[in-house]
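The values are calculated or read from the model by the stated rules, or taken from the named source; none is laboratory data. Small disclaimer: the values here were computed from a predicted structure and weren't measured. Positions of Cβ are generated from backbone atoms using ideal geometry, with glycine treated the same way; all protein chains shown enter the neighbour counts.
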Amino acid sequence: MSVFNELVARGMIAQMTDSERIKELLETGQVTFYIGFDPTADSLHVGHFVQLMVMAHMQRAGHRPIVLLGGGTAMVGDPSGKTEMRKMLSTETIEYHVECFKKQMSKFIDFSDGKAIMVNNADWLLNLNYIEFLREVGVHFSVNRMLGFECYKSRMEHGLSFLEFNYMLMQSYDFYYLNQKYGCTMQLGGDDQWSNIIGGVELCRRKAGREVYGMTFNLLTTSEGKKMGKTEKGAVWLDPNKTAPYEFFQYWRNVDDADVIKCLKLLTFVPLDEINELAKASGSAINTVKERLAYEVTSLVHGKEEADKALEAARAVFSAGRVSENMPTAALSESDFCDGAVSVIDLVVKTGLAPSKAEARRLIQQGGISVDDRKVESIDESVGLAAFEKGYVVVRKGKKSYIKAVVE
C-alpha cells in the first residue's frame, strides 16, 4: 500500500490543495516536505503526536522530512485556534524550548545521512528587513482575504493584534524559503493550519512561479469533537518528567470505547488489517484493545522498557488486585502526621489525587475515595502510621486512578 493510501485508510488526511497531484507525487518519487512546530513550551504534547506519526510514515516510504522549529514564529504567536493572544516568550526561553524539541524529535525521525533535516526559522526570519519584507512578501497578500480565513475571523470579536496578523506572512515565507533552499514542495500540518498553508502555497506560486502543495491532518479529537490530551493535571506531555510514563500509559488505557480504534490508526504502526480485527471486539474485550493501544503508544514515546513497567503495574492492580513496584508512588514525611495519623483529606491532596482540600472533600462525600480497598465513608477519617507497617497504603480515586503512598 502506498503511503498516500495508508494515510487515507488510517483517517489521517483532512484537506489537500490538489489530491490527484499529491497522490501522484507521493507514489512516483521522493518528496521533500516540511512540518512546523512552534516551541511554545519545553516539551511536545500528544496534540503534536499525529504530525510526528505522519512524518514517520512519510519517511518510512522514502520521502524526506524537514522538521521546522519555529524559533522565529514563536516570537509572534499563531492565532489559529486561540481565543486570545499567546503569551509573549523571551528569546532565551524560546531557545531553550527549541533544544528540548530537538531531543524529543530524534526519537521519531531518523536524521542520519541526510534522511531528514532540522531547521530553525529564527535563522532567516530574525534577520529580515521589515520594509523589504513588506515589499517582497506583503504585496502578495490581500487583507480582505486574510480576514476571511477562520484563524483571523474567529478572533475579530476578541481582538486581533497586528503582531499576530503578521503570522501568516511569516509561515508563508518559511515555505518559500524552504522551497528555494531545499526543494521543499509540500507543507503538512494539523487542520487548524490550513489557512497558513494556503498562504505559503500561493506565495511560492506568485513569487517564484513554482507549484507546491499542502496537506492537512485531522486533529486528535474524541468522537464528540473535543481535543484529546488533557487531564485534571493539564496537558499530556511527551517529556517523562512532565507526564510520567505510567500516567501516559493510563491516559490511553482509559480512552473512551468509541475512540480506541481511531487512536490505534492515528498513533501507532499496528497494521490496518490487525486493527480491523481488533475493531470487532465488544464488551469487556475492548479493555484488551485499550491495553494494546496504551502499550503501543507508550513504547513509541518512552521505549519498550517503560511500556513493560506500566503494563505490569496496570495488570497488577486491575487484574490481580496486587501491588506493583512500578505503581506511581507519593512520599509522605512524618511531619505530615499529627498524633500518629494523617487525615484522608490531606492524604488525597498530598498524593496528587485532588488539587485541593475542597475537591478531596467532595470526592470523599461522593464515595470516590478508597484506602487499601476500603471505601472512605467520612471526611473526618484518618489513616494511622500503623497502616503503613507493610510499607505503603494504596489510595484510589474512582476505578481508574490510584497511587501508592509511602512514608520516608
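Counting the residues of segment 358-392 that are of a type in the set (A, V, I, L, M, F, W, C), more than 25 Å from Tyr246 (Cα to Cα) and within 32 Å of the chain's Cα centre (by Cα) gives 1. Scanning segment 1-32 for residues that are of a type outside the set (Val, Ile, Thr) and within 20 Å of Leu267 (Cβ to Cβ) turns up Met1, Phe4, Asn5, Glu6, Leu7, Ala9, Arg10, Gly11, Met12, Ala14.
Give me a count of the residues in segment 330-350 that are in contact with a Gly (Cβ under 7 Å, 6 or more places away or on another chain) and part of a loop (DSSP other than H, G, I, E, B). Total satisfying the criteria: 1. Reported count of residues in segment 272-320, each being in a helix (DSSP H, G or I), of a type in the set (Lys, Arg) and under 21 Å from Ala9 (Cα atoms), is 2. Right, Ile94: crowded, with 16+ Cβ neighbours inside 10 Å and either modelled with pLDDT under 80 or not in a helix (DSSP H, G or I) (or both) or not? When the stated conditions are applied, Ile94 does not pass them. Val376 satisfies every condition listed in (1) at pLDDT below 80; (2) more than 30 Å from Val50 (Cα to Cα) except (1). Return the residue satisfying two criteria in turn: it lies in segment 343-357 and is surrounded by 15 or more Cβ atoms within 10 Å (Cβ to Cβ) and over 22 Å from Thr243 (Cα atoms), and of such residues it is farthest from the chain's Cα centre (by Cα). Here the answer is Ser343.
Only one of the numbered conditions (1) surrounded by 17 or more Cβ atoms within 10 Å (Cβ to Cβ); (2) out of contact with any Ser or Thr (no Cβ under 9 Å at 6 or more places or on another chain) is not met by Ile275, and that is (2).
Can you tell me which residues in segment 388-408 are of a type outside the set (Val, Ile, Thr), surrounded by fewer than 16 Cβ atoms within 10 Å (Cβ to Cβ) and farther than 13 Å from Ala360 by Cα? Steps first, answer last, please.
Looking only at segment 388-408, we keep the residues that are of a type outside the set (Val, Ile, Thr), and these are 388-392, 396-402, 404-405, 408.
In the following step, the residues that additionally are surrounded by fewer than 16 Cβ atoms within 10 Å (Cβ to Cβ) were identified as 389-391, 398-400, 408.
Matches in segment 388-408: Glu389, Lys390, Gly391, Lys399, Lys400, Glu408.
Of the residues making up segment 182-200, those that are modelled with pLDDT under 95 and within 19 Å of the chain's Cα centre (by Cα) number 6.
Would it be correct to say that Leu178 is in contact (Cβ under 8 Å) with a residue 12 or more places away in the chain, touching a strand residue (DSSP E or B) at 6+ places or on another chain (Cβ under 9 Å), of a type outside the set (D, E, K, R) and more than 13 Å from Met16 (Cα to Cα)? Spelling it out, Leu178 is indeed in contact (Cβ under 8 Å) with a residue 12 or more places away in the chain, touching a strand residue (DSSP E or B) at 6+ places or on another chain (Cβ under 9 Å), of a type outside the set (D, E, K, R) and more than 13 Å from Met16 (Cα to Cα).
Candidates Val395, Val407: the one that is closer than 20 Å to Tyr246 by Cβ and either aliphatic (A, V, I, L, M) or out of contact with any Ser or Thr (no Cβ under 8 Å at 6 or more places or on another chain) (or both) is Val395.
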